[in-house]
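First comes the structure, then the notes that go with it.
The values are calculated or read from the model by the stated rules, or taken from the named source; none is laboratory data. All values derive from a computational prediction rather than experimental measurement. All Cβ positions, even for glycine, are placed from backbone atoms using ideal geometry, and neighbour counts span all protein chains on display. The accessibility values were calculated without ligands, DNA or RNA, using every heavy atom of the protein model including side chains. Shrake-Rupley method; radii C 1.70, N 1.55, O 1.52, S 1.80 Å.
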Amino acid sequence: GAVVSQHPSRVICKSGTSVKIECRSLDFQATTMFWYRQFPKQSLMLMATSNEGSKATYEQGVEKDKFLINHASLTLSTLTVTSAHPEDSSFYICSAQVLLGGRGETQYFGPGTRLLVL
Amino acid sequence: SQQGEEDPQALSIQEGENATMNCSYKTSINNLQWYRQNSGRGLVHLILIRSNEREKHSGRLRVTLDTSKKSSSLLITASRAADTASYFCATATQGGSEKLVFGKGMKLTVNP
């Protein structure tokens, strides 16, 4: 099956630093990757949609200057949390979508990255 | 209610029993998907049902979709302790969007 990895799996950083999270599709090419944030005991909230070679589309209320997304290739997307603050502490999950017959349906999710900002 | 809202929010059953989770949504959809998430882990895709389908099976899973009521149900038969997880429904809306809108999730506990 399609495998998506994330690195790092968990990170602790000081307030004000920037943190980069990588999302890779290991055995398939994904034209679209999605970034979600999940607070404890809550559902996934979509942050942005990332298409290879183009600018990411951010959801309403998500600061594009704070959450920088780069989708440099069909197998790699990165999310950088700039000047992280304690309220950015969360579980960040990426997913990659496979196009079948020109239609994207199933999203394959990475294992998530736990971010703790002190 | 919120798009993709599961009911009940938490369910505790004994091993061997069946577990039924319901999901309601508001807008017209292309498809509805069910995912499971073990604590602190990523999501695992369970099953996708398209808007023109009414029922789908996969192993011990049975999903129904009623577009007139804008609702779906996930049935897990003969539950096992390993089925303990959170389950989410997610809808892909009509109009070409590939985005998924997730429900709040439901915590299933299967006691051995």
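For the subset of region B:61-112 comprising residues that are acidic (Asp, Glu) and either closer than 22 Å to residue B:40 by Cα or assigned to a loop (DSSP other than H, G, I, E, B) (or both), which member is farthest from the other protein chains (Cβ to nearest Cβ)?
Top of the filtered list is B:83.
Going residue by residue through region A:87-110, is there one that turns out to be open to solvent by 20 Å² or more (accessible area, probe 1.4 Å), without any contact (Cβ under 8 Å) to a residue 60 or more places away in the chain and within 15 Å of the chain's Cα centre (by Cα)?
There is at least one residue in region A:87-110 that is open to solvent by 20 Å² or more (accessible area, probe 1.4 Å), without any contact (Cβ under 8 Å) to a residue 60 or more places away in the chain and within 15 Å of the chain's Cα centre (by Cα).
Being of a type outside the set (A, V, I, L, M, F, W, C) and over 14 Å from residue A:51 (Cβ atoms) is the filter here; which residues of region A:79-101 pass it?
Answer for region A:79-101, where residues must be of a type outside the set (A, V, I, L, M, F, W, C) and over 14 Å from residue A:51 (Cβ atoms): A:80, A:82, A:83, A:85, A:86, A:87, A:88, A:89, A:90, A:92, A:101.
Could you list, in sequence order, the residues of region B:25-50 that are among the polar types (S, T, N, Q) and open to solvent by 40 Å² or more (accessible area, probe 1.4 Å)?
Within region B:25-50, B:27, B:28, B:30, B:38, B:39 qualify.
Only residues that are open to solvent by 10 Å² or more (accessible area, probe 1.4 Å) and touching a residue at least 40 places away in the same chain (Cβ under 8 Å): list them for region B:70-82, please.
Across region B:70-82, the qualifying residues are B:70, B:71, B:73, B:75, B:77, B:78, B:80, B:81.
Could you tell me which numbered condition residue A:53 fails, if it satisfies all but one of (1) free of Cβ contacts under 8 Å to residues at least 24 places away in the same chain; (2) on the phi < 0 side of the Ramachandran plot; (3) open to solvent by 40 Å² or more (accessible area, probe 1.4 Å)?
(2)
Yes or no: residue A:80 hydroxyl-bearing (Ser, Thr, Tyr), within 10 Å of chain B (Cβ to nearest Cβ) and surrounded by fewer than 19 Cβ atoms within 10 Å (Cβ to Cβ)?
No.
Residue under question is residue B:105, and the condition is that it be out of contact with any Lys or Arg (no Cβ under 7 Å at 6 or more places or on another chain), surrounded by 18 or more Cβ atoms within 10 Å (Cβ to Cβ) and at negative phi; does it hold?
In short, no.
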